[in-house]
Amino acid sequence: MSQTVYSTRFVKTLLTGTNTTYYTVPSGKVAVVRTMTAAWVTLARIGGQVQVLLNGANSFVWIVPVTASSAASDHWEGNLVLPEGEILRAASTATGTIFLTVSGFLLSVP
């Protein structure tokens, strides 16, 4: 008998400065974000930030300060429930290589 797997990775990307949609919760599903990890190598003298947002304007759910000339990471854990149609957007204002992963559960709506 096979088991249903609910865990999934919603986002795995190199961020750009543009506020980009990386995931949309499918119809008939609810997503629960459990972890987000940002890792970076910055090259500039000026730092910036990693921003993760939802649908609405300025709907920030996680903002990570990124220091200049650094290689580091940050991690978020929680239970962020996203209904069907909700989107996950992200951007970076720092110069360099910034990597973002977002994982959690994708559940069917009864």
### Query
Do any residues in the range 59-85 that are closer than 19 Å to T20 by Cα have Cβ atoms under 6 Å from those of residues that are among the acidic types (D, E) and in a strand (DSSP E or B), where the two are at least six apart or on different chains, and which pairs are they?
V64/D74
### Members of the range 1-18 found to be surrounded by 12 or more Cβ atoms within 10 Å (Cβ to Cβ), under 28 Å from T95 (Cβ atoms) and polar (S, T, N, Q), listed by number
T13
### Query
Residues T35, T21, T101, T16: which one is of a type in the set (V, I, T) and not in a strand (DSSP E or B)?
T16
### Query
Across the range 10-38, what is the number of residues that are of a type outside the set (A, V, I, L, M) and farther than 17 Å from G85 by Cα?
9
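Return the residues of the range 65-97 that are assigned to a strand (DSSP E or B) and hydrophobic (A, V, I, L, M, F, W, C); say none if nothing qualifies. Talk me through it step by step, then tell me what you get.
First, pick out the residues of the range 65-97 that are assigned to a strand (DSSP E or B): 65-66, 71-82, 87-92, 96-97.
The answer is V66, A71, A72, W76, L80, V81, L82, I87, L88, A90, A91.
Bear in mind that the values in this text are calculations on the coordinates, not laboratory data. As the structure is a prediction and not an experimental result, all values here were calculated from the model. Note that we place each Cβ from the backbone using ideal geometry, even for glycine, and neighbour counts take in every protein chain shown.
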